[in-house]
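The values are calculated or read from the model by the stated rules, or taken from the named source; none is laboratory data. Computed from a predicted model, the values in this text were never measured in an experiment. Note that we place each Cβ from the backbone using ideal geometry, even for glycine, and neighbour counts take in every protein chain shown. These accessible areas exclude ligands, DNA and RNA; they are computed on the full protein's heavy atoms, side chains included. Shrake-Rupley method; radii C 1.70, N 1.55, O 1.52, S 1.80 Å.
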Amino acid sequence: MFKEQVTSLLEGALKENPSLFLIDFTITPDFKINIVLDGDNGVTLKDCVAVSRAIDHNLDREEQDFSVEVASAGASSPLVLPRQYAKNIGRKLEVKTIEGRNFEGQLTAATEETITLEWKAREQKPIGKGKVTVQKKEEILFSDIKEAKVVLKF
């Protein structure tokens, strides 16, 4: 019953701001509500406060003692939803596949089923000695991705 109430309030809060979307939602046995959000334009502190208040102010603490924690997906958190890939087009990703292959390249496209990475690599010349720089491109199905993270530059 408590989880259904929280779920309904959370859905209502997300409808208020359609640019936000849910990454993770759990309720621990001691009624600690943990919510992780992401957004098409990022997540602000104001967004987290609004979602937290939408839940906190509409539940009765006399009925059930609880706590609410709302956070944004961290910069180094793995991407999990197609919507997250779409907002990161143009950024460099590190992708590990289920088959154990690793790719690092610029995300150039994201659909509902696949992502496309592009990068430059040095390879042997087909004829003669030396190496030549070639443009590589790989299309990867979401179902084949084990983990994908944005590569941060400092």
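Points worth noting:
- Of everything listed in (1) touching a Phe, Trp or Tyr at 6+ places or on another chain (Cβ under 7 Å); (2) in a loop (DSSP other than H, G, I, E, B), the single unmet condition for ILE35 is (2).
- Conditions (1) at pLDDT below 95; (2) among the hydroxyl-bearing types (Ser, Thr, Tyr); (3) over 30 Å from LYS32 (Cβ atoms): number failed by THR116: (1)
- Selected residue (criterion: farthest from THR114 (Cα to Cα)) from residues of the stretch 68-81 that are small (Gly, Ala, Ser) and open to solvent by 50 Å² or more (accessible area, probe 1.4 Å): SER72
- Meets criteria (at pLDDT below 90 and more than 26 Å from LYS3 (Cα to Cα)) for VAL95: no
- Tabulated pairs, the stretch 48-61, first more than 15 Å from GLU11 (Cβ to Cβ), second of a type in the set (Ser, Thr, Tyr) and open to solvent by 50 Å² or more (accessible area, probe 1.4 Å), C-beta under 8 angstrom, 6+ apart or interchain: CYS48/SER72
- Test: GLU94 is more than 13 Å from the chain's Cα centre (by Cα) and within 25 Å of LEU141 (Cα to Cα): yes
- A single member of GLN84, GLN124 is without any contact (Cβ under 8 Å) to a residue 12 or more places away in the chain and either surrounded by 12 or more Cβ atoms within 10 Å (Cβ to Cβ) or on the phi < 0 side of the Ramachandran plot (or both), and it is GLN124.
- Condition check for THR114: in contact with an Asp or Glu (Cβ under 7 Å, 6 or more places away or on another chain) and open to solvent by less than 80 Å² (accessible area, probe 1.4 Å): yes
- Filter result for ILE27 (β-branched (Val, Ile, Thr) and either surrounded by fewer than 18 Cβ atoms within 10 Å (Cβ to Cβ) or touching a residue at least 40 places away in the same chain (Cβ under 8 Å) (or both)): yes
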